[in-house]
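The values are calculated or read from the model by the stated rules, or taken from the named source; none is laboratory data. Quick caveat: nothing in here was measured; it's all calculated off a predicted structure. When we count neighbours, we look across all protein chains shown, and the Cβ atoms used for this are built from the backbone with ideal geometry, even at glycine. Surface areas here come from the heavy atoms of the whole protein model, side chains and all, with no ligands, DNA or RNA. Shrake-Rupley method; radii C 1.70, N 1.55, O 1.52, S 1.80 Å.
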Amino acid sequence: MQHAAVSSNHIVDNMSEDAFSPSALGTKEHWDTVYSRELKTFQEYGDEGEIWFGEGSMTRVVRWLNAQKAPLTTSIVDIGTGNGMLLVELAKSGYSNLLGIDYCADAIALARNICDKEGVSPSVTLQVADFLGSFCPSEQFDIALDKGTFDAVSLDPSGSEEKRKQYLQSLCRSLKPNGIFIITSCNWTKKELLEQFGNEFEVLDELPTPAFTFGGHSGRSVTALVFRRTCS
């Protein structure tokens with residue numbers, strides 16, 4: 001739930017919502033194994049591990065926030081922070097009120113080690129928490145970031161439809177009124193994300209991602225949208 005997932009990409013034009021097949025990519029057990037391995041690799045070789053969707057996905061988010069002249073004290077939560085590299089980039093850009101959560105303890109341990117290595121730990125708080133369950137912030141955030149976590153929720157074999165509802169409820173609890181939600185997905189098109197979040201959020205912007213054309217259809221392998229919270 002708190003991690004980037006890789007699934008089949010969608011063609012943007014003339015596309016209806018697909019029913020995602022259950023996958024190990026939607027289970028905590030899978031990600032516990034992944035981050036246990038990546039933590040060990042970092043401890044032995046100093047390798048930070050994979051950056052989901054590539055470095056460009058982080059650059060797009062940081063560039064957008066900078067363009068909006070968001071105050072550097074803006075409260076930001078990274079949902080499913082994994083190795084925490086997005087938080088590292090934000091901290092290096094001057095943002096100082098950053099929280100990363102993940103339901104894998106080894107992911108948080110890895111992120112903490114990387115933040116220490118990069119010298120950004122004073123700006124970053126890390127917490128083992130399940131966004132759909134144990135996460136209960138004392139204050140709401142200005143901005144929430146998701147880079148693949150909603151994708152993983154959508155593949156959960158234990159009931160993805162209900163988990164998506166829980167995700168939305170938690171998101172509304174976590175964000176201030178008019179708060180910003182920036183999501184990067186390889187499983188959902190813009191149209192589908194609007195269907196998932198449109199009742200409680202409105203689209204502010206679409207971040208540029210690589211496009212392709214195949215068989216007469218235009219599409220994107222990654223979708224990145226900026227939403228504003230409208231739910232009460």
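Please verify whether region 147-156 includes one or more residues that are surrounded by fewer than 16 Cβ atoms within 10 Å (Cβ to Cβ) and either more than 17 Å from LEU225 (Cα to Cα) or modelled with pLDDT under 95 (or both). No; the residues of region 147-156 include none that is surrounded by fewer than 16 Cβ atoms within 10 Å (Cβ to Cβ) and either more than 17 Å from LEU225 (Cα to Cα) or modelled with pLDDT under 95 (or both). When region 86-105 is filtered for residues that are closer than 12 Å to LEU145 by Cβ and hydrophobic (A, V, I, L, M, F, W, C), the ones remaining, listed by number, are LEU86, LEU87, LEU90, LEU98, LEU99, ILE101. When region 188-197 is filtered for residues that are touching a strand residue (DSSP E or B) at 6+ places or on another chain (Cβ under 9 Å) and either of a type outside the set (Asp, Glu) or surrounded by 21 or more Cβ atoms within 10 Å (Cβ to Cβ) (or both), the ones remaining, listed by number, are TRP188, THR189, LYS190, LEU193, LEU194, PHE197.
Taken together, the residues in region 87-97 that are touching a helix residue (DSSP H, G or I) at 6+ places or on another chain (Cβ under 7 Å) and open to solvent by 10 Å² or more (accessible area, probe 1.4 Å) amount to 4. Would you say ARG112 is part of a helix (DSSP H, G or I), charged (D, E, K, R) and either under 24 Å from PRO177 (Cα atoms) or out of contact with any strand residue (DSSP E or B) (no Cβ under 7 Å at 6 or more places or on another chain) (or both)? Criteria not met by ARG112. The set of residues in region 149-159 that are part of a helix (DSSP H, G or I) and not aromatic (Phe, Trp, Tyr) comprises THR149, ASP151, ALA152, VAL153. When region 160-203 is filtered for residues that are among the small types (Gly, Ala, Ser) and assigned to a helix (DSSP H, G or I), the ones remaining, listed by number, are SER160, SER170, SER174. Close contacts from region 41-62, counting a first residue that is modelled with pLDDT under 75 and assigned to a loop (DSSP other than H, G, I, E, B) and a second that is among the β-branched types (Val, Ile, Thr) and open to solvent by 60 Å² or more (accessible area, probe 1.4 Å), with Cβ to Cβ under 9 Å and a gap of 6+ residues or different chains, come to TRP52/VAL6.
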